[in-house]
Amino acid sequence: MNHKRKTFEGLNNTDRLSIETTLKKLNLYMGDSDDTYLPEQMKFELQLKYYAITQIHLSPYKIYLLDLKEKMFTRIFLAAKKYCPIEDESRLEDFMNYFIVSFRNEIEKK
């Protein structure tokens, strides 16, 4: 996931730029040199957020990324961490599924 985060592997240039723009708007985008001093836990959470934004962008829900605010995104992310904690790598997929479903449910309410 780390390599894909940095290179947005498998995406066309338009999708990559759109995802980068969304990440920048949410104050989540970091260049290669920006994350040098971040603790590993923060880097890991950024990777999860990058992956989630990419998956949402590639879904029919990508239109909702236009109005997404950092506060809402972070609230949904923290709630997902609370209700589906990542205790080890085997729970990573469960967490991402829960987070993305929670995101969709929150967006559909609006």
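Taken together, the values in this text are just the output of simple stated rules run on the coordinates, not laboratory data. Just so it is clear, the model here is predicted, and its values are computed rather than measured. So basically every Cβ, Gly included, is an ideal-geometry build from the backbone, and we count neighbours across all protein chains shown.
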Cα centre as origin, Lys/Arg/Asp/Glu Cβ charges: the chain dipole, Debye
500 debye
A chain fully extended from V101 to Y83 at 0.36 nm per residue, minus the present Cα-Cα distance, gains in nm 5.2 nm
Under the 0.36 nm per residue contour assumption, what length would be gained going from the current alpha-carbon distance of T74 and S90 to full extension?
3.5 nm
Whole-Å semi-axes of region 2-109's equivalent ellipsoid, largest first, each the root of 5 times a Cα gyration tensor eigenvalue?
19, 19, 13
For the pair Q41 and D15, what calculated FRET efficiency results from E = 1/(1 + (r/R0)^6), where r is the Cβ-Cβ distance and R0 = 30 Å, to the nearest 0.05?
0.60
